[in-house]
Amino acid sequence: MEALVRTAIGQDSHRFDSEDSQKKLMLGGIAIPGYPGLQGNSDADVILHAVTNAVSGITGVSILGAVSDKLCLEQGVTDSKVYLEKALEHLGGYRIAHVSMTLEGKRPKMAPHTSSIRESVAGLLSLSVENVCITATTGEGLTAFGRGEGISVFAIVTAQKTSMVSPA
């Protein structure tokens, strides 16, 4: 019997680019001014990459890697929103119901950006903002992320079967 609810976890992390880099810091599809971007072939949006990996966990179809490399390196697509859209194409009879993300990093301070990131991710997943949660920690400086060298994100996505048979 196929599960009515599926839950999957995704993770991604990137190191900050050099301070003099012109690359924008992208988090959840939002440009965060005043900080260097993250290293990567794409825009290196760790939030969208973690969510994309979690969606891949729901569908069993890996997007980050061969698919994103082809889009990025062969077609010049560096917008991580496109990678997430590709992952969502494989949901079949499921729809995303909820996403929760935890970000570890010393910078940027997340409080001023949390609302806009939640709204952006909600729009990308066709969710109400109430079903998109984000928390942040510095990890007390115990890791490279907490020391400000990069950002790490874990995302948990829950999806529900859209065509549920009602009991007789």
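Things to note:
- Kirkwood's formula applied to the C-alpha pairs of region 1-90 gives a hydrodynamic radius of 13.7 angstrom.
- Relative to the compact-globule estimate of 2.2 N^0.38 Å, the Cα radius of gyration of region 67-149 comes out at 1.31.
- Compactness of region 105-147 was expressed as the Cα radius of gyration divided by 2.2 N^0.38 Å, which yields 1.36.
- Ranked order, CYS133, CYS72 - accessible area, probe 1.4 Å, largest first: CYS133, CYS72
- Those chymotrypsin sites (Phe, Trp or Tyr not before Pro) in region 73-147 that DSSP places in a loop and that have at most 10 other beta carbons within 10 Å: none
- For CYS133, residues with placed amide H under 5 Å, excluding near neighbours: VAL99, SER100, MET101
- Percentage of interatomic Cα-Cα distances in region 56-103 larger than 18 Å: 35 percent
- Build a GNM of the chain with springs between Cα atoms under 10 Å apart, and of VAL77, VAL157, VAL121 the one that fluctuates most is VAL77.
- DSSP beta bridges in region 39-168 [antiparallel fraction, %, rounded to 5]: 60 percent
- Report summary: the helix-based calculation at 222 nm, which adds -39500 (n - 2.57) for every DSSP H run with n ≥ 4 and divides by the residues of the chain, gives -7000 deg cm²/dmol.
- Residues in region 104-126 reached by a label modelled at GLU140 [backbone nitrogen below 19 Å; 7 Å Cα→Cβ]: 104-107
- Region 1-61, dipole about Cα centre (Lys/Arg Cβ +1, Asp/Glu Cβ -1), debye to the nearest 20: 120 debye
- For VAL77, distant residues with modelled amide H under 5 Å away: CYS72
- Area of HIS98 that stays accessible when all protein chains are in place (1.4 Å probe, Å², to 10): 60 Å²
- Restricting region 52-134 to GluC sites (Glu not before Pro) in coil, as DSSP defines it, with at most 15 other Cβ within 10 Å: GLU89
- Computing mean projected area of the Cα convex hull in nm² for the structure here picks out one of [x] 11.7; [y] 12.5; [z] 10.7, namely [z].
- Under 22 Å of direct C-alpha separation, and excluding same-chain neighbours fewer than eight residues apart, LYS81 reaches these lysines: LYS23, LYS24, LYS70.
- Computed over neighbours whose Cβ is under 10 Å from that of ASP79, the net charge equals -2, Lys and Arg +1, Asp and Glu -1.
- Proximal charge balance of THR102 [Cβ under 14 Å; K/R count +1, D/E count -1]: -1
The values are calculated or read from the model by the stated rules, or taken from the named source; none is laboratory data. None of the values given here were measured: they were computed from a predicted structure. Glycine gets a Cβ as well: all are built from the backbone with ideal geometry, and neighbour counts include every protein chain shown. The accessibility values were calculated without ligands, DNA or RNA, using every heavy atom of the protein model including side chains. Shrake-Rupley method; radii C 1.70, N 1.55, O 1.52, S 1.80 Å.
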